[in-house]
Each structure stands twice: as structure tokens, then as C-alpha cells.
1. Right, residue 101: of a type outside the set (Phe, Trp, Tyr), assigned to a helix (DSSP H, G or I) and modelled with pLDDT of 80 or more or not?
2. Is it true that residue 141 is surrounded by fewer than 19 Cβ atoms within 10 Å (Cβ to Cβ), more than 18 Å from the chain's Cα centre (by Cα) and at pLDDT 95 or above?
3. Being hydrophobic (A, V, I, L, M, F, W, C) and either at pLDDT below 80 or in contact with a Phe, Trp or Tyr (Cβ under 7 Å, 6 or more places away or on another chain) (or both) narrows it down to one of 43, 55, so name that one.
4. So in segment 62-118, with the set limited to residues that are outside the structural domain of residue 206 (by TED's automatic domain parsing) and aromatic (Phe, Trp, Tyr), which one is nearest to residue 34 (Cα to Cα)?
5. Of everything in segment 210-233 that's polar (S, T, N, Q) and surrounded by 15 or more Cβ atoms within 10 Å (Cβ to Cβ), which residue is nearest to residue 122 (Cα to Cα)?
6. Got a number for residues in segment 54-85 being under 19 Å from the mean Cα position of the chain (by Cα), within 24 Å of residue 227 (Cβ to Cβ) and either in a strand (DSSP E or B) or in contact (Cβ under 8 Å) with a residue 24 or more places away in the chain (or both)?
7. Within segment 53-65, can you find the residues that are of a type in the set (Asp, Glu) and under 10 Å from residue 43 (Cβ atoms)?
8. Of all residues in segment 67-83 being small (Gly, Ala, Ser) and touching a helix residue (DSSP H, G or I) at 6+ places or on another chain (Cβ under 8 Å), which is surrounded by the most Cβ atoms within 10 Å (Cβ to Cβ)?
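The values are calculated or read from the model by the stated rules, or taken from the named source; none is laboratory data. Source: prediction; values computed, not measured. Note that each Cβ is placed from the backbone with ideal geometry, even for glycine, and that neighbours are counted across all protein chains shown.
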Amino acid sequence: MRALTAAVLMVCMVQGAVAADKVQQRLVERIQSFDSRLSVESVSPAPLPGLYEVVLSSGEVLYTDERGEYILAGELYQVQGAGKLVSLTEERMKAVRMQALAAIPAEQRVVFPAKGERKAHLQVFTDVDCGYCRKLHSEVAKLNEMGIQVDYLAFPRAGAGSAAEAKMSAIWCAQGDERRELMTRAKNGENLAPVKCENPVMEQFALGQQLGVTGTPALVLDDGRLLPGYLPAEQLARVLGL
């Protein structure tokens, strides 16, 4: 009897998995039928019964029914506890940001390492001509002394062909200490001699947009949280748990 029960359960589990795969494949095909350029990263049941969560390769999170007849593009909230409103979409975006940024190697960043033991890590989408980016950079040495490593990623707000993009390309064409020196010079308002090379500046700009960056500085913590705007070093240290 136990063997029969186990066999029945196994058959049910296999049938359920096959059915789930069919739903996911149908939703992928349905969404891509709207625009062949759309690329679906993942499809999974949403926290709200009856909905599926669809993550596009662009980083956007959508919700749909199992037939793909209704599409919701926006934030899904859940009331947790006594009136606590939590964005489930933002919780999902944290994981998306963590995965995307983990794929960027150190040689494609401008890294200001922590002094001594590294106690925290901050990833910053920056624009060298942004006033608040310059204000934050003036405190990077203090952050480093606190044990906080700061990694810069490029986000020239005016886009390709802008003065900021040209300066940041010159920075990313350099290496190591020279790259850090050029970043500091640019943040101090100096013009940099133009340098052309293959660099990730515009790729990082596009990635930032996909991850929800709309302005600079945009700070991403290791848990995927996105903090828009400047924060003083002491306040940042508290946010980072130091």
C-alpha cells in the first residue's frame, strides 16, 4: 500500500511539473508574440494566487494570468502585519540587481578599495558632471577609511555623444590607479583628454536604466536595494550597518 501511494504521488508530481512547464512555455510564447524583441528571463508563480511573475531580460517585472490574456506592468504590494505595505516587485528587483551586478568584473569598474578590512561594499552608478555625484566623491576617502569599498559604474545621464560620456570613456580606458586618478580629476571639474577604446560605459548606462536607475548618484547595496541620491558618509555607514 505504501509503495502504491508513493507511486501515485510521484505520478502527480510529474504531471504537475509538466503542466507548470506548459504554462510557462505558453506565457513565454504569448509575451514574445507582442514583440519578438522581448526576451523572457524567467516565469514563475507570483505570490498572489492566479498570477505569474515574468522577468524580462531588460530587468522589467510583469504579472499575467496563466493564459497571458491580461498583463500588469507595475508594482505588486502586500500588506504585512499591522498596516505594513511591502512592494513584492521591489523585492524581486533586488535579486535581479544582485545577479546583474555580480556579472560585472572588477576590471570594468572604477574601484576605490576599503582601507584595511573591508566591512561593507557600495556600488554607485555615477555621472562625472553631476553635482551630488561630486559631493559623494568628496567623501569616498572617508568611506574607505570606514572600511567601505566604493565601486563606480558609468551612468552618463545625457547619453551617448555627451561630454560626460566622453570623459567617462577616457576614465574607463585607463587602468588601476590611473583610472581612479582620472575619476577624481573629472569629479573635481577638470576636462580630460579624449581617449577612444572599447569600453563598457554605454553598456553600464543601459544596464542602470534596466535596473531602475533614473538619476545619479544611484547607490546599490549588496542586498540589491537601490538608494537614489546623495547621502553623507556617516548616514551611509549607518545604512550599511556599521
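1. Spelling it out, residue 101 is indeed of a type outside the set (Phe, Trp, Tyr), assigned to a helix (DSSP H, G or I) and modelled with pLDDT of 80 or more.
2. Criteria met by residue 141.
3. The conditions single out 43.
4. So the residue we want is 70.
5. Looking at residues that are polar (S, T, N, Q) and surrounded by 15 or more Cβ atoms within 10 Å (Cβ to Cβ), I get 216.
6. Qualifying residue count for the region: 7.
7. Correct list: 53 only.
8. Within segment 67-83, the match that is surrounded by the most Cβ atoms within 10 Å (Cβ to Cβ) is 68.
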